[in-house]
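Notes for the one structure printed next.
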Amino acid sequence: MKILKNMKYYIFALIAILLIVFGIWMIRNKDSSETDKKENDNIEETVSGDGVIVWSIPFHGALKENDIFVEKLNEQLKKDGYSFSVMFKTLEAYTSSYRENLEAVLSSGETDIANTGFYEDLSQVQSIIRKGYFEELNDYLFSEKGEQLYNAFDKALWKGVETDGKIYTIPNSTLVDGLLGVAFNKEYIPEELAKSFTGDFGDLLRFINEDILKDEDIIPIIICYHKFQFSNVLGYDYRYGVFLDCRTGEVKNPYDTEELYNFFSALHKMYKNGYLSKGNSFINEGDISLVRKKIDDLDFAIMHPIFNLDDGLHDKVTIYRMPFYMISRLPGSTGIAKNSKNKEAALQLLTLLHTDEKYANLLVYGEEGIDYKLIDGLVYNMDESPKGGYKSALGLYDTLYPTEGEYFMKNRKQQKYDLYNSPQKHDSVLLGFQINADNFTAEMRQVESISEKYLDIWKEDNFVELYQEAREVVGEAAKELIEELERQIEEWKRLYAGK
């Protein structure tokens with residue numbers, strides 16, 4: 001009995017000690033919480049979102065070699081008082097598999113941020129957005145918190161990523177506009193003469209003289225396009241084998257337009273006169289490697305467009321800026337997952353990267369003086385070799401230091417501002433309209449391949465007859481598609497245009 005009493009005493013004593021220890025821990029924990037609260041009061045009110053933000057991108061955008069840069073970004077975010085970090089999830093990049101994998105992580109809540117992907121079939125992006133996988137951003141962008149991010153892009157770029165009158169994704173700033181000019185090599189064509197160019201492609205023929213033709217080392221005129229990339233300079237947006245008129249909103253058979261006929265007629269004369277390279281082709285790459293070398297060596301008299309001409313060579317040429325149209329462009333944009341639990345933090349991270357050079361350059365290039373060096377405003381490796389850095393999957397460009405061979409290398413933000421405020425820039429009347437191709441018939445989807453079959457007819461002796469054939473064949477094939485697109489455009493105009 002005495003043993004039992006002693007045991008009972010020890011048990012009560014042990015319980016009492018545990019209660020005292022627990023009470024002391026509670027008091028200390030409360031004091032610690034108050035201290036943390038006071039410290040957090042000094043952090044900006046915009047800091048939000050605990051935990052890791054998951055960002056899904058195509059696998060070719062993987063930051064494998066830049067893992068250390070991601071770590072450095074996260075360390076900088078922590079140092080600056082932000083309570084979130086970022087990690088990247090890479091998905092298969094091929095068209096069909098990327099869409100499937102993207103939908104899987106979006107629906108399961110496995111990602112907070114996602115790149116919509118780059119597709120030849122543009123409808124895939126619209127389809128994903130219309131399924132409700134992405135958070136609508138209008139409320140944020142037009143609030144005080146979102147003002148900084150909204151002002152980072154031209155209004156036309158935001159309009160271009162609208163779907164059914166709403167914004168769900170952030171534009172990809174690596175996609176460059178306005179590089180549809182004509183470059184006249186000063187070595188062969190005096191600047192004053194070049195300034196007399198009228199803007200009509202047929203007018204280019206008068207600049208080629210005997211001296212230019214005698215120089216066997218040069219290509220007199222370089223016209224470097226793939227498929228219907230040239231449609232914008234003609235005033236059209238090419239989709240699914242037909243033209244959407246950027247000026248009127250009409251849907252047209254490309255071969256039934258005066259602009260395309262005149263363009264092909266000029267090309268036909270250039271080709272037959274020996275002004276173009278023999279391998280020039282819009283259907284396949286042809287002799288593109290040779291052409292690019294000629295461009296780099298300035299072995300040409302005239303070239304169009306200028307997006308393959310290094311910024312550093314611009315002082316060697318006279319550039320005529322062609323009008324260009326801002327069109328709807330969703331692929332490659334970046335959105336916040338509807339099922340994300342870190343929406344506010346994810347938006348804050350994207351805002352930082354698109355508005356603050358410190359964070360953007362740290363993520364893409366690393367730490368200055370350790371991972372890269374700046375020479376005349378350009379980024380190089382520490383051994384002064386050209387610096388790479390994957391940007392398109394991240395959608396980052398304007399807040400990054402330029403590298404060799406890029407566009408807008410002198411003062412990127414100012415150059416892009418000047419571009420979007422230039423008289424050459426025009427907004428398509430269909431800016432913000434996104435085609436819904438989910439219910440397209442097989443016949444509608446075949447129009448594109450039929451249209452593109454005739455892209456090189458300007459090289460043929462019987463060009464006029466082939467053009468007439470193209471007008472008839474494509475016109476017949478495109479009837480159903482044109483009617484459907486006209487219906488969608490009328491519905492879009494009624495519901496969303498002008499809002």
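A few points about this structure:
- Adding -39500 (n - 2.57) for every DSSP H run of four residues or longer, then dividing by how many residues the chain holds, sets the calculated 222 nm ellipticity at -12000 deg cm²/dmol.
- Extension gain for the segment E71 to Y261, taken as residue separation times 0.36 nm less the Cα-Cα distance, is 62.9 nm to one decimal.
- Relative contact order %, the chain, counting alpha carbon pairs below 8 Å whose residues are six or more apart: 23 percent
- If a spin label sat at a point 7 angstrom from the Cα of K214 along the line to its beta carbon, the backbone N atoms of region 255-286 nearer than 18 Å would be those of 275.
- Cross-link pairs K186/K278; K252/K272; K166/K343; K227/K459 - those with Cα-Cα distance over 21 Å: K186/K278; K252/K272
- Qualifying aspartates and glutamates (Cα of each under 18 Å from Cα of K341; at least 8 residues distant if same chain): D50, E103, E110, D112, E135, E136, D139
- Averaging the sequence gap over all C-alpha pairs within less than 8 Å and six or more residues apart, then dividing by the number of residues, gives region 337-402 a relative contact order of 30 percent.
- Taking 7 Å steps out from each Cα toward its Cβ at I375 and N462 produces label points 5.7 nm apart.
- Where trypsin sites (Lys or Arg not before Pro) fall in DSSP loop in region 219-264, at most 12 other Cβ within 10 Å: R247
- Three-way shape call for region 344-423 based on the alpha-carbon gyration tensor, with the a/c threshold at 1.5: oblate
- Separation of the E187 and K155 label points, Cα + 7 Å toward Cβ, nm: 4.5 nm
- Rounded, prolate or oblate (a/c below 1.5 giving rounded, otherwise prolate when a/b exceeds b/c) for region 416-459 by Cα gyration tensor: oblate
- Counting every C-alpha pair in region 425-499, the share spaced more than 13 angstrom apart comes to 72%.
- Dimensions of the chain from C-alpha coordinates, computed as largest minus smallest value along each principal axis and given longest first, are 121, 54, 38 Å.
Every number in this text was worked out from the coordinates using simple rules, so none of it is lab data. Since the model is a prediction, treat every value here as computed from it, not as a measurement. Glycine gets a Cβ as well: all are built from the backbone with ideal geometry, and neighbour counts include every protein chain shown.
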